[in-house]
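Input: a single structure, listed below in structure tokens.
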Amino acid sequence: MDPDSTDSDSSVDFEIDTEPAFVLDDLVDSDSTPGSGSGSADSEFIPSNPGTNPMEHTFDPSLPSQHSYLGTDLTVLYGRTVLDEDDSNWIPLYPQVDVVLVPGQTLPLAIFNASYIQMIRQVISGNRTFGTICMLRKTPGSDELSHADVGTTAEIYEAHESASHHAIRVKAIGRQRFKILETTDHTSGFLTARVRILPEVKLPDPLSMMSCPVLDRFRTKANIGASTKRKHNLRLYDSISSIWPAWVYDQYDPERLVKQMLEILSCHKAVSPIPTDPVALSYWVARSLPIKDSRRLVLLRMNSAIDRLRWEIFTLNKLSLLCCRQCGQHVAHQQDVFSMSVEGMQGTYCNVYGYVYETVTIHKATGLRLQNAPPSTEFSWFPGYAWTVAACSRCRKHMGWHFTATSPDMKPRGFWGLCRRALEAKLEEVESTE
Ligand SMILES: [Zn+2]
């Protein structure tokens with residue numbers, strides 16, 4: 001049990017920097033949350049989420065991915081833009097703190113800044129593509145920011161500008177990775193960059209280059225598909241001509257990596273089919289892992305699904321605990337992460353004021369306190385659930401929200417949505433190497 005669980009010091013405020021419905025300063029930790037009522041320090045300690053069985057699921061997992069809280073008046077924009085790999089292009093940038101977009105990841109935005117509204121207008125009238133880039137603190141806790149060297153293009157597929165022209169709501173999706181070559185301040189007040197689109201290199205199974213021609217008649221699709229054992233035996237024969245044993249090549253076999261990854265993910269109760277294509281799977285995992293920005297950027301720099309899958313398998317095998325990033329208190333076990341959305345165990349959502357959160361869904365958590373306020377359904381990212389602000393019981397840092405079902409028929413009855421930015425994934429034995 002958490003040592004602070006009996007803490008009755010109700011004079012200490014939550015240190016809340018973010019929540020779904022309130023204005024917050026996204027760049028600094030702050031306890032000044034106008035209108036949030038966070039000054040009422042009464043809080044309730046909730047050590048876990050009893051009664052939540054991730055196997056019992058009546059919630060429609062497609063709802064979070066629709067981002068209906070942005071409104072139902074967005075216009076669908078059709079078409080697809082594919083930028084040539086290795087080509088350089090000038091694109092406008094939308095910088096964000098604590099958000100690292102990955103290909104395939106949905107990015108909902110509510111934009112109120114006049115310069116960026118103008119930027120989005122230009123993007124919509126063009127190829128609907130802009131660059132997303134993560135702003136990194138130069139030192140921990142510092143307000144001094146610099147942009148990462150890699151990012152991901154985002155393609156707008158729905159948009160609506162308010163009648164007053166003071167806001168624009170957008171749904172976009174991550175498409176292609178890029179490396180920044182140079183940047184310039186646009187005269188309209190936003191950043192543009194010349195970027196090189198990073199290639200997606202599809203590496204073949206390395207053992208295929210060692211294959212014995214005399215065995216080719218056994219490699220027909222029907223033969224190999226009929227027997228995994230036959231394929232295994234063929235690989236053993238092929239490896240005879242190599243200096244390395246077959247198991248070394250197996251570590252770079254995309255088919256085996258996919259199988260290994262799906263076995264690891266089987267404990268997380270996915271509510272929709274997990275991709276089996278190596279590239280799609282590697283990005284699905286990249287946007288689901290509750291890892292910090294620097295590790296996600298490592299994945300963005302990798303040009304091969306084999307490299308990404310190997311890195312992700314290594315990380316998942318080492319990942320055991322999720323802790324408060326500020327004080328290190330244990331918050332959840334990795335196996336308690338589960339899916340509430342077809343997009344996976346983590347989703348990207350924005351609040352009514354435009355702040356974007358990558359949110360991990362967890363069915364059981366500890367060491368958290370709930371704000372003593374009635375659960376709210378306003379701007380809820382999970383229709384049918386009401387949210388309550390949750391903070392670390394030790395350091396009061398805002399961690400995310402607890403979501404409670406508003407209907408007795410809804411299952412799960414409740415779950416936690418914790419911000420990736422507030423979590424520290426504890427990896428066994430690898431911390432010192434990074
Ligand atoms: Zn803490």
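Laboratory data are not the source of any read-out in this text; all were calculated from the coordinates shown. If you're wondering where the values come from, they're calculated on a predicted model, not measured in any experiment. Virtual Cβ from ideal backbone geometry, glycine too; neighbours counted across all protein chains shown.
Taking amide hydrogens as placed 1.01 Å from N in the peptide plane, the amide H of Q329 sits under 5 Å from those of C324, each at least 5 positions away in sequence or on another chain. The 3J(HN,Hα) values that the Karplus relation (6.51, -1.76, 1.60; θ = phi - 60°) gives for the range 85-95 are, in residue order, 5, 6, 6, 9, 9, 8, 9, x, 10, 10, x Hz. Gly and Pro appear as x.
The residue list L101, F130, P140 was ranked by how far each Cα lies along the charge dipole of the range 89-206 toward its positive end, using unit charges on Cβ atoms, and F130 comes out on top. Computed from backbone phi, the HN-Hα couplings of the range 369-374 come to 10, 9, 5, 7, 8, x Hz, rounded to whole numbers (Karplus: 6.51 cos²θ - 1.76 cosθ + 1.60, θ = phi - 60°; Gly and Pro given as x). Checking the cross-link pairs K318/K364; K292/K318; K364/K426; K171/K364; K259/K292 against a 22 Å limit on the alpha carbon distance flags K171/K364; K259/K292 as lying beyond it. A cut-off of 5 Å between modelled amide H atoms, ignoring neighbours fewer than 5 places along the same chain, links V97 with M135. Taking amide H as placed 1.01 Å from N in the peptide plane, the amide H of L191 sits under 5 Å from that of L93, H186, each at least 5 places away or on another chain. Given R0 = 30 Å, the distance between the Cβ atoms of A167 and A280 translates into a calculated FRET efficiency of 0.35.
Taking 7 Å steps out from each Cα toward its Cβ at D143 and S294 produces label points 2.4 nm apart.
Pick out, in residue order, every one of the GluC sites (Glu not before Pro) in the range 131-175 that is DSSP loop and has at most 11 other C-beta atoms within 10 Å; say none if there are none. Let's see the in-between values first.
Numbers: sites: E144, E155, E158, E161; in loops: E144.
Passing sites in the range 131-175 are E144.
Note on the range 348-410: semi-axes of the ellipsoid equivalent to its C-alpha gyration tensor, largest first and rounded to whole Å, are 18, 16, 11. Spin-label pair L203-D409: with each label point 7 Å from Cα along the Cα-Cβ axis, the two points sit 5.1 nm from one another.
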